[in-house]
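The values are calculated or read from the model by the stated rules, or taken from the named source; none is laboratory data. From a predicted model like this one, the values you see are computed outputs, not experimental measurements. Cβ placement follows ideal geometry from the backbone for every residue including glycine, while neighbour counts extend to all protein chains displayed.
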């Protein structure tokens, strides 16, 4: 298989000591992508929120918005804003409180 010029450039950066490995380069590239494409960052955060992987406050933080702005974005996208704990979060909170005792 032929190596692309992009792959060669990434390999050159790793060999040059700019990145320790490909994974760190990819992480940095994704962060830069989200900074350039704010709408994609918000889209990703919305999906995380819909799957209950982040709270509304964490979603707002990740999107670079305050909570009220995040609520508006969610409402504009037709996403139900969840109130309180879901069953999974209640279970997690209960388990965490058991660990903390």
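So residue 18 fits all but one of (1) surrounded by fewer than 16 Cβ atoms within 10 Å (Cβ to Cβ); (2) assigned to a helix (DSSP H, G or I); what number is the exception?
Of (1) surrounded by fewer than 16 Cβ atoms within 10 Å (Cβ to Cβ); (2) assigned to a helix (DSSP H, G or I), only one is false for residue 18: (2).
So, in region 74-90, exactly how many residues are modelled with pLDDT of 60 or more and over 13 Å from residue 53 (Cβ atoms)?
The qualifying residues number 10.
Condition test on residue 41, is it assigned to a helix (DSSP H, G or I), without any contact (Cβ under 8 Å) to a residue 60 or more places away in the chain and within 30 Å of residue 74 (Cβ to Cβ)?
yes
Of (1) in the same structural domain as residue 7 (by TED's automatic domain parsing); (2) within 13 Å of the chain's Cα centre (by Cα); (3) surrounded by 12 or more Cβ atoms within 10 Å (Cβ to Cβ), residue 31 satisfies all except one. Which?
Among (1) in the same structural domain as residue 7 (by TED's automatic domain parsing); (2) within 13 Å of the chain's Cα centre (by Cα); (3) surrounded by 12 or more Cβ atoms within 10 Å (Cβ to Cβ), the lone unmet condition for residue 31 is (3).
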